[in-house]
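Beneath this line is the structure, given in structure tokens, with notes to follow.
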Amino acid sequence: MNWFFRFMNSSVGKKIIMATTGLLLCSFLIIHLFGNLFLYGGPELFNTYVERLASVKPLIRVIEVLLALIFLFHILNSLWLTLGNRKANPVKYDVNRTRDNSSFFSRYMGITGSIIFIFLAVHLSTFWYKFQIDHEGGQFYRIVTGNTVGFNNPYITGLYILAMILLGFHLRHGFQSAFQTFGIRYNKYGKLIEAIAVLFWFAIPLGFVLIPIYFGLLKGGF
Amino acid sequence: MQVFLKVWRQADAKSEGQFVTYTVENVTEDMSFFEMLDMLNNQLVLKGEEPIAFDHDCREGICGTCGLFINGRAHGPLRGITTCQLHMRSFNDGDSIVVEPWRAEAFPVIKDLIVDRTAFDRIMSAGGYISVNTGGVPDANTIPVPKPKADEAFDAAACIGCGACVATCKNSSAMLFVAAKVSHLALLPQGQVERKQRALNLIAAMDMEGFGACTNTGACEIECPKEISLVHIARLNREFLKASLI
């Protein structure tokens, strides 16, 4: 197991953990957005969908625990890397024209990630909590579109939209960066990775953003 | 023309440094950046002041000795050149120019604009070479190397170890430097014997020297005077992954 700890402790090993957990979290986005799309089908369809999920609760719980662990690894690992990087670069330049040599998205991964984390905490303590414990007898659709924790609450909607835009920024760099870390960005798969990246940094965040816009701003009109 | 310099001055590794401003007159656009500094240093010596210490050797962009952080860019504002290849025609009359040494924990300042880059030498001695029995010079082309591979290996071998990649990286990562060494030898038949161990040892040495981790911002590729590509970092990651897991 010596090789394993050496690998995990190395800078490249830590990056590989970052990339693996990041891509796993990306795959969760697809499933989550797929579920959210049921909202457009109206209260009945959405409530039935959520109840269907509730019928496979043990499986959902296992997935939730796995997801939490992946999140935890991704976050703690990023903190570990950031601390190391700060130590490697303690004295800043008086003038540093970073704009000339790197993208905005690549330089602010920590900030976009941190705001997404705050959103995640709010998201879990509102939607997730309500869905699991306090769902008023299966009124899932009403929770989502309502004005307590739902999209008729301008704060919830505002944070949701902001976080999804920043998620797009995060994945604009993160998705392709993960493949660079695996060493497979610049080969015959390069173009394919670039195309799939657009799905993750643009299409999926847009899909999420449209939900609060439709159910909050257009339909609800708080 | 006349330029206003703001230069980092530091007496030695232990002293605290500070910026000192100088006005340099009679600068011509044909002067190299270093010739402008030489002129300033002459004036400082005549005044009985300590000249500005900066690293330089070949002054034709091949030795990798020079390296200044000029107006927020490693080796100055142009791409694909070392500091010694920068000329004053890249600046305008009346410009203010901020000149700083490379900043990285692994590159401590020795004096003024000179940093200690022996960390790179220690990384190289951890495996940036091939072991061969010395003897008579073998005939050319006894070991066939396909042209595309030779070209790619040469692109990596163009690394002069100046440290601009580390200097510009927000994490002071030495990945482009290490990638150039690993990629260069991994592409050639002569590098195969020690291929796995090289990737592992160079990464371990890089981490031990206190360089940061790569965030794939790509700044190194832009600032590298030899324009070494991120493709080589991808290969380094692949080499390390294969050597670690397989």
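Please treat every number below as a calculation from the coordinates, not as lab data. For clarity, every value in this text was computed on a predicted model and none was experimentally measured. Cβ coordinates were reconstructed from backbone atoms using ideal geometry, including for glycine residues, and neighbour counts include every protein chain displayed.
The lysine pair tally for chain B, using Cα distances under 14 Å and a gap of 8 or more places or different chains, is 4.
Taking the three principal axes of the alpha carbon atoms in region B:3-110, the coordinate ranges are 37, 34, 24 Å, sorted in descending order. DSSP finds beta bridges in the protein assembly as shown, and of those with both partners inside it, around 75 percent are antiparallel.
Compared with the dominant Cα axis of chain A, that is its longest principal axis, helix A:43-54 is turned about 60°.
For region B:72-88, the Karplus equation 6.51 cos²θ - 1.76 cosθ + 1.60, evaluated at θ = phi - 60°, returns couplings of x, 10, 5, 6, x, x, 8, 9, x, 9, 8, 4, 5, 8, 7, 10, 5 Hz by residue, with Gly and Pro reported as x. Return a whole-number percent for the relative contact order of region B:19-109, with Cα pairs under 8 Å and 6 or more residues apart as the contact set. Rounded, it is 30 percent for region B:19-109. In the protein assembly as shown, taking the dipole from charged Cβ atoms about the Cα centre, the farthest positive-side position among B:Pro144, A:Ala121, B:Val45 is held by A:Ala121.
Hey, how much of the P(r) for region B:118-245 falls beyond 21 Å, as a percent of Cα pairs? Mind showing how you got there, number by number?
Working: 3001 of 8128 pairs.
Taking all Cα-Cα pairs of region B:118-245, the fraction more than 21 Å apart is 37 percent.
To check you understand DSSP bridge types, tell me what percent of the beta bridges within region B:3-110 (both residues inside) are antiparallel, rounded to 5.
Working: 12 of 16 bridges.
For region B:3-110, the DSSP antiparallel bridge percentage is about 75.
Whole-Hz Karplus values for region A:90-105 come out as x, 9, 8, 6, 5, 10, 9, 8, 5, 4, 6, 10, 8, 7, 3, 4 Hz, taken residue by residue from phi with 6.51 cos²θ - 1.76 cosθ + 1.60 and θ = phi - 60°; glycine and proline positions read x. Taking 0.36 nm per residue of separation and subtracting the Cα-Cα distance, full extension of the segment from A:Leu69 to A:Leu124 would add 18.3 nm.
Helix A:11-36 sits at what angle to the longest principal axis of chain A, using alpha carbons and giving 0 to 90 degrees rounded to 10? That works out to roughly 20 degrees.
With N the number of residues in the protein assembly as shown, Rg(Cα) / (2.2 N^0.38 Å) evaluates to 1.19.
Plainly put, chain A has a radius of gyration that is 1.01 times its Kirkwood radius, both from alpha-carbon atoms, as the Rg/Rh ratio.
Axis of helix B:175-186 versus longest Cα principal axis of chain B: the two differ by about 40°, to the nearest ten degrees. Using the Cβ-Cβ distance between B:Asn92 and B:Val20 with R0 set to 22 Å, the FRET efficiency from 1/(1 + (r/R0)^6) comes to roughly 0.50. For the residues B:Cys169, B:Cys214, B:Cys66, a GNM of chain B with alpha-carbon springs under 10 Å puts the largest fluctuation on B:Cys214. Each label was represented as a point 7 Å from its Cα along the Cα-to-Cβ direction; for B:Met208 and A:Ala195 these points are 4.6 nm apart.
Where does the protein assembly as shown land at 222 nm, in deg cm²/dmol rounded to the nearest 500, when only DSSP H runs of n ≥ 4 count, each adding -39500 (n - 2.57), divided by all residues?
That calculation yields -16000 deg cm²/dmol at 222 nm.
Loop-resident trypsin sites (Lys or Arg not before Pro) (DSSP state other than H, G, I, E or B) in region B:3-58 with no more than 16 further Cβ atoms inside 10 Å of their Cβ: B:Lys14, B:Lys47.
Across region A:156-222, Cα-Cα distances exceeding 19 Å account for 43% of all pairs.
For region A:206-211, the Karplus equation 6.51 cos²θ - 1.76 cosθ + 1.60, evaluated at θ = phi - 60°, returns couplings of 5, x, 5, 5, 5, 5 Hz by residue, with Gly and Pro reported as x. Given axes a ≥ b ≥ c from the Cα gyration tensor, I'd like to know whether region A:1-70 is rounded (a/c under 1.5), prolate (a/b larger than b/c) or oblate. Oblate, because a/c is 1.5 or more while a/b does not exceed b/c. The ellipsoid that matches the Cα gyration tensor of chain B has semi-axes, each √(5λ) in whole angstrom, of 37, 19, 16, with the longest given first.
A straight Cα-to-Cα reach below 17 Å connects A:Lys191 with none of the lysines, residues fewer than 8 places away in its own chain not being considered. Near the amide H of B:Ala213, within less than 5 Å, lie the amide hydrogens of A:Asn85, all on another chain or at least 5 residues away, with H placed in the peptide plane.
Equivalent-ellipsoid semi-axes (√(5λ), Cα gyration tensor) for region B:112-173, whole Å, largest first?
31, 17, 10
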